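**Q** Just dropping this structure here.
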Amino acid sequence: MNKLRQRISENLFNIPGWRTKRKIVVFESDDWGSIRMPSRDVYNILLKAGIRVDKCPFCSFDSLATEDDLTALFGVLRKFEDKNGNHPVFTANCVVANPDFLKILETDFSEYHFELFTETLKRYPGCKNSFSLWEQGINEGLFIPQFHGREHVNVNRWMKSLRDK
């Protein structure tokens, strides 16, 4: 009972949260590193196959950030400073792996395999040097990745769907 009281008291203490009168803008974005929709061609193929990716905002707009995307983002962030001379910081919630589709296919969908997102980037058009730009953004204090998950898929459910065709 004492443990329960202690936990409740700790949570009640945190309810008010942190407060400030300063005006703060937070740039935080989800699912960096996740493939989601690799290209417009794949999007159109899925639509033609009757898979309504157009009804899912994640499938419509999420893709890997290319070198051009990162260069443009960091260019915009460098243009602005706060009163202390600090540039805006972009927080990227990252998934660190993607399904390894070929290995999964080779096992006839009986085994799940993944690859690190840094390997995925190397294979995708316009993304070969994206991770180097991530590191540059980190070093300049413009880009702060934080862990969001290993991959953005329910592995068991997805693998079952693949086996069931």
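**Q** No partner Cβ under 4.7 angstrom, meaning no disulfide-compatible partner by this rule: which Cys of the chain qualify?
**A** Unpaired cysteines in the chain: 94, 127.
**Q** Among the trypsin sites (Lys or Arg not before Pro) in the range 22-108, which ones are in a DSSP loop with at most 10 other Cβ atoms within 10 Å of the Cβ? Mind listing them? Working shown, then result.
**A** Values: sites: 22, 23, 36, 40, 48, 52, 55, 78, 79, 83, 103; in loops: 22, 23, 36, 52, 79, 83.
Within the range 22-108, the qualifying trypsin sites (Lys or Arg not before Pro) (loop, at most 10 other Cβ atoms within 10 Å) are 22, 23, 52, 79, 83.
**Q** The range 1-98: which chymotrypsin sites (Phe, Trp or Tyr not before Pro) are DSSP loop and have at most 12 other beta-carbon atoms within 10 angstrom? All intermediate terms of the calculation are to be shown ahead of the outcome.
**A** On the way: sites: 13, 18, 27, 32, 43, 58, 61, 74, 80, 90; in loops: 18, 80.
Those satisfying the criteria are 18, 80.
**Q** May I pose another question? Sticking with the crude label model, points 7 Å out along Cα→Cβ, report the distance from residue 157 to residue 47 in nm, one decimal please.
**A** 2.5
**Q** Round to a whole number: what % of the accessible area of the chain belongs to carbon and sulfur, probe 1.4 Å? Spell out each step's value before the answer.
**A** On the way: 6690 of 12100 Å².
Carbon plus sulfur share of accessible area: 55 percent.
**Q** Let me ask something else. When a/c is below 1.5 the answer is rounded, else prolate if a/b is larger than b/c, else oblate, so apply that to the range 1-147 with a ≥ b ≥ c taken from the square roots of the Cα gyration tensor eigenvalues.
**A** Values: a/c = 2.12, a/b = 1.32, b/c = 1.60.
It comes out oblate by the Cα gyration axes.
**Q** Mind giving me the nanometre distance, one decimal, between the label points for residue 147 and residue 164, set 7 Å out from Cα along Cα→Cβ?
**A** 3.2
**Q** Same structure again: For the chain, give me the percentage of DSSP beta bridges that are antiparallel, rounded to the nearest 5 percent.
**A** Values: 3 of 13 bridges.
The antiparallel fraction comes to roughly 25 percent.
**Q** Where does each of 29, 34 land when they are ordered by accessible area, with a 1.4 Å probe and the largest first?
**A** From most exposed to least exposed: 29, 34.
**Q** Given a 1.4 angstrom probe, what's the average accessible area per residue across the range 97-165, in square angstrom? Each step should come with its number before you reach the end.
**A** On the way: 4580 Å² over 69 residues.
For the range 97-165, the per-residue accessible area is 66 Å².
**Q** Work out the length of the dipole vector of the range 53-106 about its Cα centre, built from +1 on the beta-carbon of each Lys and Arg and -1 on the beta-carbon of each Asp and Glu, and round it to the nearest 20 debye. Walk me through the numbers before you get to the answer.
**A** Numbers: 5 positive and 9 negative charges, 49 e Å.
Value, rounded to 20: 240 debye.
**Q** Once you put a point 7 Å from the Cα of residue 28 and another 7 Å from the Cα of residue 140, both along the Cβ direction, what distance in nm separates them?
**A** 2.4
**Q** How do 135, 106, 151 rank by accessible surface area computed with a 1.4 Å probe, from largest to smallest?
**A** Largest accessible area first, the residues go 106, 135, 151.
**Q** Moving on. Using the beta-carbon distance between residue 40 and residue 93 and R0 = 22 Å, what value does 1/(1 + (r/R0)^6) give for FRET efficiency, to the nearest 0.05? Before the final figure, lay out each step's value.
**A** On the way: r = 24 Å, r/R0 = 1.11.
Approximately 0.35, to the nearest 0.05.
**Q** Are any of the pairs 79/128; 23/83; 103/128; 122/160; 21/79; 103/160 more than 23 Å apart by Cα-Cα distance, and if so, which? The partial results should precede the final answer.
**A** Working: 79/128 26 Å; 23/83 12 Å; 103/128 21 Å; 122/160 29 Å; 21/79 25 Å; 103/160 16 Å.
Beyond 23 Å between Cα atoms: 79/128; 122/160; 21/79.
The values are calculated or read from the model by the stated rules, or taken from the named source; none is laboratory data. Remember, it's a predicted structure, so these values are computed and weren't measured experimentally. A quick note on method: Cβ atoms are made from the backbone with ideal geometry, for glycine too, and the neighbour counts reach across all protein chains shown. In case anyone asks, the SASA skips ligands and DNA or RNA and just uses the protein heavy atoms, side chains included. Shrake-Rupley method; radii C 1.70, N 1.55, O 1.52, S 1.80 Å.
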